[in-house]
1. Within the stretch 102-146, how many residues turn out to be of a type in the set (A, V, I, L, M), in a loop (DSSP other than H, G, I, E, B) and modelled with pLDDT of 65 or more?
2. List, please: which pairs have Cβ atoms under 9 Å, are six or more places apart or on different chains, and start with a residue in the stretch 74-91 that is in the same structural domain as R32 (by TED's automatic domain parsing) and without any contact (Cβ under 8 Å) to a residue 12 or more places away in the chain and end with one that is surrounded by 11 or more Cβ atoms within 10 Å (Cβ to Cβ) and polar (S, T, N, Q)?
3. Return only the number of the condition from (1) surrounded by 15 or more Cβ atoms within 10 Å (Cβ to Cβ); (2) under 16 Å from L137 (Cβ atoms); (3) at pLDDT below 85 that V183 does not satisfy.
4. Which one is nearest to I214 (Cα to Cα), of the residues in the stretch 150-200 that are among the charged types (D, E, K, R), in contact with a helix residue (DSSP H, G or I) (Cβ under 8 Å, 6 or more places away or on another chain) and in a helix (DSSP H, G or I)?
5. Among the residues of the stretch 198-254, write down those that are of a type in the set (D, E, K, R), closer than 13 Å to S157 by Cα and either touching a residue at least 24 places away in the same chain (Cβ under 8 Å) or surrounded by 13 or more Cβ atoms within 10 Å (Cβ to Cβ) (or both).
6. Out of the residues in the stretch 212-244 that are of a type in the set (D, E) and assigned to a loop (DSSP other than H, G, I, E, B), state the one that is farthest from S169 (Cα to Cα).
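The values are calculated or read from the model by the stated rules, or taken from the named source; none is laboratory data. Quick caveat, the model's predicted, so the values are computed rather than measured. Every residue, glycine among them, receives a Cβ derived from its backbone with ideal geometry; neighbour counts consider all protein chains shown.
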Amino acid sequence: MKAVVGSRILDLVSGELAGLYGFMRALGISKRELEVYALIVSSNGLTASEISGMLNMPLSKVYETLSSLSSRGWIYKTAERPARYYSVPIRDVWEDIKRRLRKQIEKVEATLIPLLESATADPQPLFKVVLVDSARLPAFAKRTVERASKELMIALSYRELVTREMLDSIVSASTTKSVRVLVSESVASRLKEEQIELAVPVKTVKKMFGSGVIGDEILLVTRSNGTLQGLWSDHYYLVELGRVYFNYLWREGS
């Protein structure tokens, strides 16, 4: 009789449940585990030897499978000798399967979605150049100052650029990085009139092409038709060009 029951279980797993086998395998559940669990569910408790005989499965494989099912929480055993194995409610097992499925989906999502996004996203430009109107100049100047990693070069040729915000940015930056400031004669006069001391190296030059902030990025400021306008970029060549010109003026300054 037991052999007949075992045969029916094998037919069930290989027949009606065969369509679920691939799905279960993806969740790490083997066909052998399904066979043993289905047999225990259909019985009123079985020993390892009984399972071995009913499924014609080596006893070592039976114990291995029972251990796996126990660790999943699908079955439990009694303390008697020989121990008898019983199944937990099928709905509890199904909840465990759903938890495993969610974990697998999350694992795939965490790996696949970023790959697809990176493959389909528009390629990022190697550098950026932005035309800056007068209203946005303070924000871009502050940004360029704050993003400088080690060295900061600031050229102030227009009196209206000498704002409290700019002066505070210079003082704040000087605590963590090297800061040098070039000023035009008109700006130097304003600093003197208002008794402003920057506490950083400052030199005055007679002629300067516009103003600028140079760090890891560059902001160039010029006057056009009476209005200040800027050009900001993170292009390495433009940054280096700005540094070369600044250092030239620095050597000429006093």
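1. Let us first name the residues in the stretch 102-146 that are of a type in the set (A, V, I, L, M), namely 105, 108, 110, 112-113, 115-116, 119, 121, 126, 129-132, 135, 137, 139, 141, 145.
Retained after the next criterion (residues that are in a loop (DSSP other than H, G, I, E, B)): 121, 126.
Applying the additional criterion that residues be modelled with pLDDT of 65 or more yields none.
Adding up the residues that qualify gives 0.
2. K77/S70
3. (2)
4. Looking at residues that are among the charged types (D, E, K, R), in contact with a helix residue (DSSP H, G or I) (Cβ under 8 Å, 6 or more places away or on another chain) and in a helix (DSSP H, G or I), I get E165.
5. First, the residues of the stretch 198-254 that are of a type in the set (D, E, K, R): 203, 206-207, 216-217, 223, 234, 240, 243, 251-252.
Remaining after also requiring closer than 13 Å to S157 by Cα: 203, 206-207, 223.
Passing the criteria: K203, R223.
6. Pass one, the stretch 212-244, residues of a type in the set (D, E): 216-217, 234, 240.
Next, only the ones that are assigned to a loop (DSSP other than H, G, I, E, B) stay: 216-217, 234.
Details: D216: 16, E217: 16, D234: 20 Å.
Ranking the candidates gives D234 first.
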